[in-house]
Structures are given as C-alpha cells and as structure tokens.
Amino acid sequence: MFSEITVKEPLDRIAEDWDFLNEKIIKKFQGFLPVGQNIYGIRQRKFAANGDVIDLRKGNISKHVELGPNGIYSWKHIPLNTHFIFSGTPHRVSHNFGYWHINDKDEMYLPLPSNDPDGLSYFLVIMGEPKGDECDRFAWYCDQCYTMLHEEVYETGRLGFDGFWKAEIEAVKSYNADIRHRTCSECGKVNPVGYCWNPSRDTPEQQEARKIW
C-alpha cells in the first residue's frame with residue numbers, strides 16, 4: 001500500500017475520477033483501461049438469486065473454467081468474494097469469449113452486488129499491466145480431451161495494451177480460418193469456432209458457437 005499519493009492536477013478537478021463506479025467514469029472501463037501499473041475492467045451485470053451472472057447482451061455467463069496441473073477447475077462468482085487467476089493459467093468464461101486466455105500477469109475478480117434486487121451489480125477485473133517480454137495468449141483446447149489445438153501470442157509488454165483487442169480479432173480469425181485448427185489430432189473431434197469478447201463482431205456461425213460454449 002502507498003502511504004502518500006501525489007497528483008499533478010488540482011484535487012477539485014480529479015476527485016470524481018477516483019470513484020471508478022461513478023456513472024460518468026465507469027464507461028471508461030467497459031472494455032479494459034490501463035491506470036498506473038494495473039489494467040481495470042468494470043462490468044454491470046445481473047446477479048440472479050441462484051448466483052448466476054446474466055449479461056444483458058450475452059445471456060448467462062456464470063461458468064468460469066481454468067485448466068491447471070490437476071485438470072479442469074470450474075467456479076462461479078460469490079458476492080464480495082475475490083477470486084485470483086494466477087499468471088500462466090488458461091481460463092475462459094462460458095458464452096463470454098470463445099477462446100482460452102493465458103495472461104502473464106495475475107488477474108483478480110471481485111463482484112459487488114447491487115442493493116437493489118432488480119438492479120445491476122458491478123464486476124471488477126484487475127490485472128497487472130504486462131511489461132517487457134510479458135504477453136497475452138489466445139489459445140484453443142479440444143472440448144473433449146483438452147489437447148491444445150491452436151495458439152496466438154500478442155506481445156503486450158512490447159506493443160502495449162492498446163493493441164489487445166485487435167490482436168484478439170486476428171487470433172480468432174486465424175483459428176477459424178482452417179478447420180484443421182479446430183480438429184483434434186488426438187481424438188479427432190471437430191471443435192466449435194472461436195469468437196471475440198464483443199458480440200457485435202459475431203458472424204452467424206460465431207453466434208451459434210457462443211450459444212454452445
């Protein structure tokens with residue numbers, strides 16, 4: 001923690017910017033935004049009574065999946081509880097983005113439930129900003145046997161986070177371009193196509209894939 005914080009602007013100009021959940025500020029974080037040494041993302045979603053997370057555009061995106069030394073691990077958000085995904089861990093969120101993300105920095109998730117049962121809750125994602133040789137990877141594994149099928153690497157530390165979303169688009173295009181990328185060399189399964197985080201980019205085939213996984 002920091003005992004002192006120094007800012008260049010007068011406090012009356014920036015005071016509202018310190019409240020990331022302020023309606024005027026939160027829009028800046030709807031994708032991801034680097035601030036200082038971290039990258040922040042803030043989403044507004046519905047927290048159902050059974051613990052499911054409902055995105056207004058994507059539907060139910062409750063299931064988080066990680067691939068670790070002991071195999072597959074699934075988890076769901078618990079209000080006010082943090083969850084950490086450690087660097088190097090392949091992970092994905094059902095119906096949210098159609099690939100496994102592998103980050104060279106740790107990620108922290110924190111859901112903040114709304115006081116209004118019918119209101120939208122806040123979901124915070126905080127991760128370190130990659131530096132130097134640190135990268136983001138977009139990977140695909142067989143749904144049946146979890147053999148790696150394909151991987152694209154974006155050198156975030158060298159190229160900057162501003163290029164992340166373009167890299168995501170290109171990675172998904174690369175994976176979908178050849179059915180051999182989706183065909184498992186071990187078990188022979190032909191896996192669904194990949195899709196981007198932003199559903200407005202979905203083709204009809206990707207819309208169907210988003211429903212599946």
Highest GNM mean-square fluctuation among N60, N50, N198, for the chain with Cα springs under 10 Å, belongs to N50
With each label point set 7 Å from Cα along the Cα-Cβ vector, what nm distance links V190 and Q30? 3.7
Give, in nm to one decimal, the length gained when the segment between I179 and V153 is fully stretched (0.36 nm per residue of separation minus the Cα-Cα distance). 7.4 nm
The local net charge around I169, scoring Lys/Arg +1 and Asp/Glu -1 for residues other than I169 whose Cβ lies under 14 Å from its Cβ, equals -3
Of the residues D118, D143, D106, which exhibits the maximal mean-square fluctuation in a Gaussian network model of the chain defined by a 10 Å Cα contact cut-off? D118
Rel. contact order, % - alpha carbon contacts under 8 angstrom, at least six apart, the stretch 138-213: 25
With Cα coordinates, the longest principal axis of the chain makes an angle with the long axis of helix 164-176, in degrees rounded to 10, of 10
Please find the FRET efficiency linking N60 to K131, where r is the Cβ-Cβ separation and R0 is fixed at 45 Å, and quote it to the nearest 0.05. 0.80
Restricting attention to the alpha-carbon atoms of the chain, what are Rg (one decimal) and Dmax (integer), both in Å? 18.3, 62
Run the simple label-point estimate for E170 and L110 please: 7 Å along Cα→C-beta, distance reported in nm. 3.4
Figure the gain on full extension for L80 and N38 (residue separation times 0.36 nm, minus the Cα-Cα span) and round it to one decimal in nm. 13.1 nm
Taking 8 Å as the Cα distance limit and 6 or more residues as the minimum spacing, I'd like the relative contact order of the chain as a percentage. 15
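Just so you know, all these numbers are worked out from the coordinates, no wet-lab data involved. Source: prediction; values computed, not measured. Cβ coordinates were reconstructed from backbone atoms using ideal geometry, including for glycine residues, and neighbour counts include every protein chain displayed.
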